[in-house]
Every structure is written in structure tokens, then in C-alpha cells.
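Student: Supplied in C-alpha cells, the structure appears directly below.
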Amino acid sequence: QAIVWDEYLTGPFGLIAQYSLLKEHEVEKMFTLKPGRLPPADVKNIIFFVRPKLELMDIITDNVLREDRGRSPQRDFHILFVPRRSLLCEQWLKEQGVLGSFIHREQYSLDLIPFDGDLLSMESESAFKECYLESDQTSLYHAAKGLMTLQALYGTIPQIFGKGDCARHVANMMIRMKREFPGSQNSIFPVFDTLLLLDRNVDLLTPLATQLTYEGLIDEIYGIQNTYVKLPPEKFAPKKQGEGGKDLPTEPKKLQLNSAEELYAEIRDKNFNAVGSVLSKKAKIISAAFEERHHAKTVGEIKQFVSQLPHMQAARSSLANHTSIAELIKDITTSEDFFDNLTVEQEFMSGIDTDKVNNYIEDCIAQKHPLIKILRLVCLQSVCNSGLKQKVLDHYKREILQTYGYEHILTLNNLEKAGLLKPQTSGRNNYPTIRKTLRLWMDDVNEQNPNDISYVYSGYAPLSVRLAQLLARPGWRSIEEVLKMLPGPHFEERQQLPTGLQKKRQHGENRVTLVFFLGGVTYAEIAALRFLSQMEDGGTEYVIATTKLINGTTWIKSLMEKLEPAPF
């Protein structure tokens, strides 16, 4: 059999089934879905793995219609929709006259994909846009389904807390699904004590700011796709004496980043300013370990040294890679432009001059810096001021459209609809109250040995994570007033457990909370939650789930309208 992949799915599927595994199951060939004839392959079955999107149905129709019916043996077609079958797509294939060509039409419910020991993602890139701009709640249904699957495996979660309209919607669907399948009452001892559902639009600020953790910066600068990052190759070329670098590699260096790598697990969530010292300490330890070989005298000692070698060599190459990545990042973070941009972000977040036109933003527009950078800053200013005065907003819009082109008027409209860039309606700015009550800005932040989650943005504590932290201790009742200022309802639901499954907590045993971000989560927020899990007296461990791993750039990009300029 051959598989034809919707290209977007290859990344997430790579995390659960490597090509070698598929080969064992008689997959001869893999193709990327594209218009035209399917490549020749000596197979009987062709399976399409696709998301239920109409534009993909057109490509499939083209593939099927161009298939040579005269060839023998004829090839059989099958289609698998991920994560759900869609009536609309099947109707479309029927109208094109190709639905009958598919022997099997199935769905593969891939809802939550494991990215790391404590991280699950649905990798649904348009979830935020669908929910907030198109009022399409399909992704919320998938989230609810994913949570039901999780409960079937790990026991019913006794407490559900939530904040935001989408969170309310997901909780309602979960309760309804439980009612509709009374047999789903399982007798598994619950792993999770609490589920916290958070809407992305409760905290629009966090993704807009530049993440300052090691992993966050790698994502901001190079973009991490399904745990892989592609880096410029020149830093990774092996240095040979006397060759003078004549044949430098041209292919980008592709590395997988996850906690299976010891060194990465240690530094991924640190503030970037604290990474250098860890790397230099590690370098000393490793070179000392290699020096040991001179002291190995007896056969036993030599044998012991040899047995440790593979681990030491892996540690050495891991150190070399991360030293190179850190150098690449440092070149950027020490640049004047990065510093100026960060200064403006931090001024906005700490409440300085959020209500007037910012000179730095004006200069960037005049120098035609990348549009996404401008949009991130303007949206950040708007969010930190509960919307901009009409005069300020109009000024920014005019400057942006005149510099970057009028086709971006649709993008600005989308950002306004999503609540990211909007006029100040109530006449008062709630952000300072929220900032003070939730302690979102800390002046004396310790980046080396942090004592608060604000280290992930060097001063700003992510609002979403602060809500999770306060929920665990002392509870949301202490912040009722602020919760009312944030969009959407907040609620609490309890799910009855069968007798005998209620947890009796041992002394010193941690509670486990699953935090589900509807609309996306950043690596800095994940780092902040991991920091809370590791706190000595925290008492809570966090597992994180989300519709998509995002950063400010990918998030704003998903809200931009691609308008082709007119051909004349």
C-alpha cells in the first residue's frame, strides 16, 4: 500500500509513527498530496490521509480523475479523515463524481498528540481563528472528544475549573457526552485531580511579548515545528584544520528538541541569560570525565571507562549543538534592534505610555520593518491599555496601510474582531488594576535562580499561568473582582466519582492539574507551569494540553488575510 499525506499531517504523525514502523506494516511508498497524477507505484491500495478541508478535496478529485483506469491491476483508493469525517467534504467528492472510487471512508481520531512527558497538543493551527473570527466551534468539539479519551484512559477528573466562553463550551460538551454515554463511567483510579480550561482570549497579552526562555527564543527566532527546529548550518560545520572552510554545508541543520535529551531538559525552561553558565559548567564536567582515561590503570577501570563512553560522547555532541544554538541566539539578543523592541514591550507591560502613539513603532513603520513585528507591538500596546484611543488607533492603521499596502485592511479588521487591536470602549483602562492585583509585573526579577514565574519574560508573569497558580492557592475566590474584568464566564464543575475511587491524599503527595489552553500556548507559559511544578512547597504538578503550540508570530500570521494584489 501507498500513503498520500496531507503535508500538514506529516509532522504530528511523525511523533507517533516513524516511517520505519509504517514500513513494517507494508507501506511501500509515501507521497505528498499535490495536484496532477499520482506518482507511479507498484501497489494495490492507495490511502489518502487528509484533514477535512475543501481545498484538499479538489486535489484528491484531480488525483483520482487522472488515474489511469486502463492499467492493470487497478489500484484501490481509501480515504482517512483526521480527526473527523466531514459530510461537507464527502458531499463535495460526490458532486465531483469521485466518492464512489473510495472503497473505505474512515476517520482517524487523532485529538491529542504527545509532544513531551507533560505536553499534549492537537496541532490544529486555525483553532483560534475559527473560534473567535468564524464562530466555528469544531475544534472545541475535538478538544472535548480528546478530553473524554483522556478520561477513559486515566480516570474521570473530579474537578473542572474554567475561564472564558470556549472553556464553558468545552465543559458543557464534556458533561453532555458523559450523559449520552452512561456506560463511560470507568473504574480507573483518577490520575488528574483538576482540569483547568483556559481560553486564549482571557490572556491575549502573553503570546505577543517576546519569550525569553531558551526554548521560547529558539521558537521566536527559528520556529519549532513538531519538536524539530531547522537552524543555519554554518555554526554546525565540523572544524577541520587548514581547509579554510571551503565547502560549508548548505542544508539547514535539523535537530529534535525534547526532554529525552538530558542537557536540553535542564536548560530549555531557563531564562536565556542563565543558560551560558550552565553550558560552561557542563563543558568542564565533560572534559574532566574524558581526562579520567589517563588515570585508568587496571583492566577493570579501563572497562568501566569504555562502558561510559557512548553516554559521554552523546553528552559532548549535545553540548556542542546547544553551544552553537546559544551563540546563534546571542547574536540576535545582543543586537540593538532586539534590545529596543524589548524595551518598548517591557514599558507597555509595566504600564508606561500605553495611551499615546509610540515613537519606536512609528520609526519601525517608516523603516518598513517586517509587518508582523509592527502588528505584535501595536496589539501589545492595545491589550496593555484595554484598547487604544480612537485617534491613536486611526493613526496606526493609516500608517500601516500606507506603508504596507491597503490589502492589509482585512488583517486589521481580523485583529479588531479577535480583540487584539481595538478602540477603548469603556473609557477606562482596566489593565493596571489587573496588573497590580495579579502581580503581573515584578521589578526585581531573578533570572539566574528564579523565585517567581515572571523570569520567563524577565519581569512579566504570564497572566494565564498566574490564574493557574492562584487557583491552586488560595483559590479563585480571592480574585473574583479581577476575573470579572477578564472576558468570558468563570465556573466550576464537579464530576461524581464511583465510591472507592475518591483520592485520599497522602501527606506530601502532590495534586495533579491538567491545564488546557484553548487557542494555543507559548513555550514560555509551559516553562512557567513547569517551574510551578518543581517548586518545593508548590504542592501541584502540571500537565499541559493545547489546541496548538504558538508564538506571537505564528499566532498573528494565522489571523492575517492573504490577499493577492490585483493582476493589472
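Student: From the backbone phi of segment 16-26, what are the Karplus-calculated ³J(HN,Hα) couplings (6.51 cos²θ - 1.76 cosθ + 1.60, θ = phi - 60°) in whole Hz, Gly and Pro given as x?
Tutor: Per-residue couplings from phi come out as 10, 9, 6, 4, 4, 5, 5, 4, 4, 9, 6 Hz.
Student: Among DSSP beta bridges whose residues both lie in the chain, state the antiparallel percentage, nearest 5. Don't jump to the answer; show the numbers that get you there.
Tutor: Numbers: 16 of 58 bridges.
Around 30 percent antiparallel, to the nearest 5.
Student: Same structure again: Given a Förster distance of 60 angstrom, what is the FRET efficiency for residue 308 paired with residue 74, based on the Cβ-Cβ distance and rounded to 0.05? Don't skip to the answer; put the middle values down first.
Tutor: Details: r = 58 Å, r/R0 = 0.97.
With R0 = 60 Å, the Cβ-Cβ based efficiency is 0.55.
Student: Calculate, for residue 66 and residue 177, the FRET efficiency according to 1/(1 + (r/R0)^6) with r their C-beta to C-beta distance and R0 45 Å; round to the nearest 0.05. Intermediate values should be presented prior to the final figure.
Tutor: On the way: r = 42 Å, r/R0 = 0.93.
FRET efficiency, residue 66 to residue 177: 0.60.
Student: Rounded to a whole number, what % of the accessible area of the chain do carbon and sulfur atoms account for, probe 1.4 Å?
Tutor: On the way: 14710 of 28040 Å².
Exposed carbon and sulfur together represent 52 percent of the surface.
Student: Find the eigenvalues of the gyration tensor of the Cα atoms of segment 297-447, then list the square roots of 5 times those eigenvalues as equivalent ellipsoid semi-axes, largest first, in whole angstrom. Provide the component values of the computation, followed by the final result.
Tutor: Values: eigenvalues 448, 84, 38 Å².
Those come to 47, 20, 14 Å.
Student: Next question, about the same structure. Could you work out how much longer the chain between residue 481 and residue 536 gets when fully extended? Use 0.36 nm per residue separation minus the Cα distance between them, nm to one decimal.
Tutor: Working: separation 55, 0.36 × 55 = 19.80 nm, distance 2.96 nm.
Contour length minus the Cα-Cα distance gives 16.8 nm.
Student: Is any residue of segment 38-78 close enough, with backbone N under 12 Å, to a label point placed 7 angstrom from the Cα of residue 29 along the Cα-Cβ axis, and if so, which?
Tutor: The answer is 38-47, 68, 75.
Student: Work out from phi, with θ = phi - 60° and the Karplus expression 6.51 cos²θ - 1.76 cosθ + 1.60, the ³J(HN,Hα) of each residue of segment 416-424, listed in order in whole Hz, and give x for Gly and Pro.
Tutor: 5, 4, 7, x, 8, 9, 9, x, 6
Student: Follow-up question, since we're still on this one. Which cross-chain or sequence-distant (5 or more) residues have an amide H under 5 Å from the amide H of residue 116, H modelled 1.01 Å from N in plane?
Tutor: Hits under the 5 Å cutoff: none.
Student: Whole-Hz Karplus ³J(HN,Hα) for segment 357-364, in order, using 6.51 cos²θ - 1.76 cosθ + 1.60 and θ = phi - 60°, x for Gly and Pro?
Tutor: 4, 8, 4, 4, 4, 4, 4, 4
Student: Only sites in a loop by DSSP and with at most 14 other Cβ atoms within 10 Å count here; which GluC sites (Glu not before Pro) in segment 101-197 make the cut? Please list the in-between numbers first.
Tutor: Values: sites: 106, 123, 125, 130, 134, 180; in loops: 123, 125, 134.
Of the GluC sites (Glu not before Pro), the ones in loops of segment 101-197 whose Cβ has at most 14 other Cβ atoms within 10 Å are 134.
Student: In addition: Please report, to one decimal in angstroms, the Kirkwood hydrodynamic radius of segment 79-199 built from all distinct Cα-Cα pairs.
Tutor: Evaluated on segment 79-199, it is 16.3 Å.
Student: Under 5 Å between amide H atoms, partner at least 5 residues away or on a different chain: which partners does residue 253 have, H built in plane at 1.01 Å?
Tutor: Hits under the 5 Å cutoff: 231.
Student: Using 7 Å Cα-to-Cβ label points, what is the residue 406/residue 45 separation (nm, one decimal)?
Tutor: Roughly 5.5 nm, to one decimal.
Student: Just to confirm, what accessible area per residue do you get for the chain at 1.4 Å probe, in whole Å²?
Tutor: Values: 28040 Å² over 568 residues.
That works out to 49 Å² for each residue.
Student: Next up: Would segment 2-110 count as rounded, prolate or oblate if I go by the C-alpha gyration tensor, calling it rounded below 1.5 in a/c and otherwise prolate when a/b exceeds b/c, oblate otherwise? Before the final figure, lay out each step's value.
Tutor: On the way: a/c = 1.77, a/b = 1.10, b/c = 1.60.
Here segment 2-110 falls in the oblate category.
The values are calculated or read from the model by the stated rules, or taken from the named source; none is laboratory data. Predicted model only: the values in this text are computed from it and were never measured. Neighbour counts are summed over all protein chains in view; Cβ atoms, including those assigned to glycine, are modelled from backbone coordinates with ideal geometry. Just so you know, the surface numbers come from the protein's heavy atoms only, side chains and all, with ligands and any DNA or RNA stripped out. Shrake-Rupley method; radii C 1.70, N 1.55, O 1.52, S 1.80 Å.
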